[in-house]
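Engineer: Quick one: the structure is below, and I'll ask about it shortly.
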Amino acid sequence: MTGMDTRFLGIPDLVEAPSVAVVVDVMRAFTVAAWAFAQGAEKIVLAESLDEALELKAHHRDWVALKDGPPAPGFDAVNSPALLRSLDLGGRTVVQKTTAGTVGALAVKEASLVLCASFVVAEATARLLRTRKSGSVTFVVTGEDGQADEDLACAQYIARRATEAGTDAAEFLRRAVASRAAAEQAEGVRQGVRPDDVALCLELDRFPFAMVATLEDSLMVLRPHSMPSLADEDPI
């Protein structure tokens, strides 16, 4: 794959459904989602609102509901990879509602392919774009109305990596480390965050799967997508 037409847009800039969308939320929605799958979750339902998350939980008592910010009645967990990695989610369904990541994914739910991404699944995401030979890709930079540099850096890295497999991540990770979100989380400004969340969010290629969101019975559902070996990158 030698070329890919890319756009980098904030959620407010989305005026029509793209063909292929990569929704990026590094700190923390789609780092948390990846950890949920690593801890055994079967799928993640991306909720439109806190009320919808609680309603889904009420109808499915065994589902695990998580949200941004501090703990709240009815929710089982908060949007922290450090906290989530201690949970056993084997076979469970997680309901996730965050202020940026889930909003971005729902904004492009009509796209033919929706990937949710962060640094921990960057290479797998880039490889999926390569195998699909996606000519036009919209990267949704979810944080700070499209201005979050950790999300933009990750999006630009994935875009570059999809066309240039030798791209080095160092400069992109440096930008993420220096971002406002990283500083606020490290300093404890944001509620529901552990200090070690930043390091976990910047752990490059921690997991070997991409994350694909599709509409299932009107719900936006995220599932892990394992990638074939590097020697077998035929279109899927």
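The values are calculated or read from the model by the stated rules, or taken from the named source; none is laboratory data. Treat the numbers as computed from the prediction; the structure is a model and nothing was measured. Neighbour counts run over all protein chains shown; Cβ positions are idealised from the backbone, glycine included.
Engineer: Looking at (1) of a type in the set (D, E); (2) closer than 27 Å to Q39 by Cα; (3) touching a residue at least 24 places away in the same chain (Cβ under 8 Å), find the lone condition where D149 falls short.
Structural biologist: Failing condition for D149: (2).
Engineer: Among the listed residues E48, E16, E42, E52, identify the single one that is surrounded by fewer than 20 Cβ atoms within 10 Å (Cβ to Cβ) and closer than 21 Å to F209 by Cβ.
Structural biologist: Just a single option satisfies the conditions, and that option is E42.
Engineer: So which residues in the range 5-19 are in contact with a Lys or Arg (Cβ under 9 Å, 6 or more places away or on another chain) and over 16 Å from G146 (Cβ atoms)?
Structural biologist: A17
Engineer: Another question about this same structure. Six or more apart or on different chains, Cβ atoms under 8 Å: show the pairs whose first residue is in the range 29-46 and within 13 Å of R223 (Cβ to Cβ) and at pLDDT 95 or above and whose second is aromatic (F, W, Y) and surrounded by fewer than 24 Cβ atoms within 10 Å (Cβ to Cβ).
Structural biologist: A34/F207; A34/F209; F37/F207; F37/F209; I44/F37; V45/W63
Engineer: Continuing with the same structure: Identify all residues within the range 142-171 that are among the hydroxyl-bearing types (S, T, Y), buried (at least 20 other Cβ atoms within 10 Å of the Cβ) and farther than 13 Å from A100 by Cβ; write none if there are none.
Structural biologist: Looking only at the range 142-171, we keep the residues that are among the hydroxyl-bearing types (S, T, Y), and these are 142, 157, 163, 167.
Narrowing the set further to residues that are buried (at least 20 other Cβ atoms within 10 Å of the Cβ) leaves 142, 157.
Within the range 142-171, just Y157 meets the criteria.
Engineer: Oh, and also: Determine whether T93 is of a type in the set (S, T, Y) and surrounded by 20 or more Cβ atoms within 10 Å (Cβ to Cβ). Don't jump to the end; show me each part of the working.
Structural biologist: Numbers: of a type in the set (S, T, Y): yes; surrounded by 20 or more Cβ atoms within 10 Å (Cβ to Cβ): no.
No: the conditions fail for T93.
Engineer: Filter the range 55-85 down to residues that are of a type in the set (A, V, I, L, M, F, W, C) and within 15 Å of T102 (Cα to Cα) and give me whichever is surrounded by the fewest Cβ atoms within 10 Å (Cβ to Cβ).
Structural biologist: Out of the qualifying residues, it is V78.
Engineer: Of the residues L106, L129, L115, which is over 13 Å from V26 (Cα atoms) and in contact with an Asp or Glu (Cβ under 7 Å, 6 or more places away or on another chain)?
Structural biologist: Of the residues listed, the single one that is over 13 Å from V26 (Cα atoms) and in contact with an Asp or Glu (Cβ under 7 Å, 6 or more places away or on another chain) is L106.
Engineer: Closer than 17 Å to V24 by Cβ and basic (K, R), is that true of R194? Break it down into steps so the answer makes sense when it comes.
Structural biologist: Values: closer than 17 Å to V24 by Cβ: no; basic (K, R): yes.
No; evaluated as a whole, the condition is false for this residue.
Engineer: What pairs can you find where one residue is in the range 175-188 and without any contact (Cβ under 8 Å) to a residue 24 or more places away in the chain and farther than 15 Å from E144 by Cα, the other is of a type outside the set (S, T, N, Q) and surrounded by 12 or more Cβ atoms within 10 Å (Cβ to Cβ), and their Cβ atoms are less than 8 Å apart, with a gap of 6+ or different chains?
Structural biologist: Taking only residues 6 or more apart or on different chains, the pairs are A186/V198.
Engineer: Test R174 against the stated conditions and say whether it is basic (K, R) and more than 14 Å from A100 (Cβ to Cβ).
Structural biologist: Yes: the conditions hold for R174.
Engineer: Identify, please: which residue in the range 187-226 is among the small types (G, A, S), part of a loop (DSSP other than H, G, I, E, B) and surrounded by fewer than 18 Cβ atoms within 10 Å (Cβ to Cβ) and is, among those, modelled with the lowest pLDDT?
Structural biologist: Restricting to residues being among the small types (G, A, S), part of a loop (DSSP other than H, G, I, E, B) and surrounded by fewer than 18 Cβ atoms within 10 Å (Cβ to Cβ), the top hit is G188.
Engineer: Would you mind telling me which numbered condition in (1) modelled with pLDDT of 95 or more; (2) over 14 Å from the mean Cα position of the chain (by Cα); (3) of a type in the set (A, V, I, L, M, F, W, C) A72 fails?
Structural biologist: Exception for A72: condition (1).
Engineer: Could you list all residues from the range 111-136 that are in a strand (DSSP E or B) and more than 13 Å from A210 (Cβ to Cβ)?
Structural biologist: Scanning the range 111-136 gives a single hit, S136.
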